[in-house]
Amino acid sequence: MSNVIDLEPLRVTVRRAAAKIGNAELAERFTRIATDYMIRDGRCFRPATPAELERAPSWARNAVARGEPVSVYKRSSALTARLNVVARRLADTRAVAAADWTKRTEAGPDILAAGLFLKKFDRVNFDTAARKALAFSRVLSSWRETDDASPSCDAQSLVLLSGQIWHRITSVAELRRIGGEFKNCLARTTSTGGYGASLKRGKAQFWVLRDLAGAGLIVAMAPAPLATFFQEVKGPSNARVRADAPALVQLGIALGVNPPPPEPPKPPRPPVMTIPIGILPAVLEARQPCRCSLCDPQLRLRLSRATP
């Protein structure tokens, strides 16, 4: 696209996306090819208005006089989103290339291919970079899914007298599945942050209570490896669970958690005063406002006027 009045907003958008790559050299090359890609796409521009032409440099008005179109940058949400996605996938490609192949022997070819692609990154255009970055991003995603599915602790179960069973959650993937079942924020956890990271690092333990039909009733979180208290206890849709619930108390005893003191009873309702039927007329009469001259100012005024 030629005859663009100001390309700086476009460059700012590209630089903002390039910052997600996490490498200055790759970000510089990405900025060049992404800027070229954006300039060649007509969705990023619109014709300049007369008011914009008046404020534009003289070359823009001369171009209009010659019959040439003059444009200004117009932000495209679709193209901006594509830039950000490709930049994040390039960051994933760097993670694949930096992986230790001795710990992922089956992924050795992918690691080598990612490193070779990054070395030749200055020779590719934007479309090629987007296609290859997508492939390596999928490789990293499959690694993360495998890691999330691997157990972080031993499987344990606690059968209660009621027939309900506490199961210990052993992996981040299982924690996410239970979060989806209970409709809470566990469904969005990852192994790098939040509840999933605490499970992965052995800093917390999670238990789920199921009934005889297998339906989830309670999810409980406690410190690990030694549980001295419950950090969070929720029911489906984050429903409140009483601290003295029998199932929770039994789990706490098995883990070494001291049972909580019982919740104080609710205060009694104030007594409702009843009036015997025999004296009800007298009470109603006593409740009527007094009409004597001392209590009724209007009556007192009329009496004073009537007095000669």
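Just so you know, all these numbers are worked out from the coordinates, no wet-lab data involved. In this text the structure is predicted, and so the values were computed from the model without any measurement. Note that we place each Cβ from the backbone using ideal geometry, even for glycine, and neighbour counts take in every protein chain shown.
So for segment 8-148, averaging the separation of alpha carbon pairs under 8 Å that are six or more residues apart and normalising by length, what relative contact order in percent results?
26
Between TRP207, TRP59, TRP143, find the one with the highest GNM mean-square fluctuation for the chain; connect C-alpha pairs within less than 10 Å.
TRP59
Which links in LYS132/LYS183; LYS203/LYS266; LYS20/LYS119; LYS120/LYS203; LYS20/LYS200; LYS119/LYS203 stretch past 30 Å when you go from one Cα to the other?
Too far apart for the 30 Å limit: LYS132/LYS183; LYS203/LYS266; LYS120/LYS203; LYS119/LYS203.
So what's the gap between the Cα centers of segment 196-254 and segment 81-109, to the nearest angstrom?
For segment 196-254 versus segment 81-109, the Cα centre distance is 36 Å.
So for the chain, averaging the separation of alpha carbon pairs under 8 Å that are six or more residues apart and normalising by length, what relative contact order in percent results?
It rounds to 10 percent for the chain.
Specify the angular offset, from 0 to 90 degrees and rounded to the nearest 10, of the alpha carbon long axis of helix 126-149 from the longest principal axis of the alpha carbons in the chain.
Once rounded, one gets 50 degrees.
Identify which of VAL86, VAL70, VAL139 has the largest mean-square fluctuation in a Gaussian network model of the chain, with springs joining Cα atoms closer than 10 Å.
VAL70
Using unit Cβ charges (K, R positive; D, E negative) and no other charged atoms, how large, in debye to the nearest 20, is the dipole of segment 8-148 about its Cα centre?
Charge dipole of segment 8-148: 320 debye, to the nearest 20.
Rank PRO50, ALA63, ALA91 by how far each Cα sits towards the positive end of the charge dipole of segment 40-103 (+1 on Lys, Arg Cβ; -1 on Asp, Glu Cβ) and give me just the farthest.
Value: ALA91.
Place a +1 charge on the Cβ of each Lys and Arg in the chain and a -1 charge on the Cβ of each Asp and Glu, then give the dipole magnitude about the Cα centre in debye, rounded to the nearest 20.
Once rounded to the nearest 20, the dipole reads 880 debye.
According to the Cα gyration tensor, what semi-axes, each the square root of 5 times an eigenvalue, does the equivalent ellipsoid of the chain have, listed from largest to smallest in whole Å?
They are 66, 46, 13 Å, listed from largest to smallest.
Over the Cα atoms, compute the radius of gyration (one decimal) and Dmax (the largest Cα-Cα distance, rounded to a whole number) for segment 1-159, in Å.
22.0, 86
Show the residues, 5+ positions off or on another chain, whose built amide H is closer than 5 Å to the amide H of GLN231.
Amide H neighbours of GLN231: MET221, ALA222.
Would you be so kind as to identify which of ALA173, ALA129, PRO223 lies farthest towards the positive end of the dipole of the chain, taking Lys and Arg as +1 and Asp and Glu as -1 on Cβ and the Cα centre as origin?
Working it through, the farthest residue towards the positive pole turns out to be ALA129.
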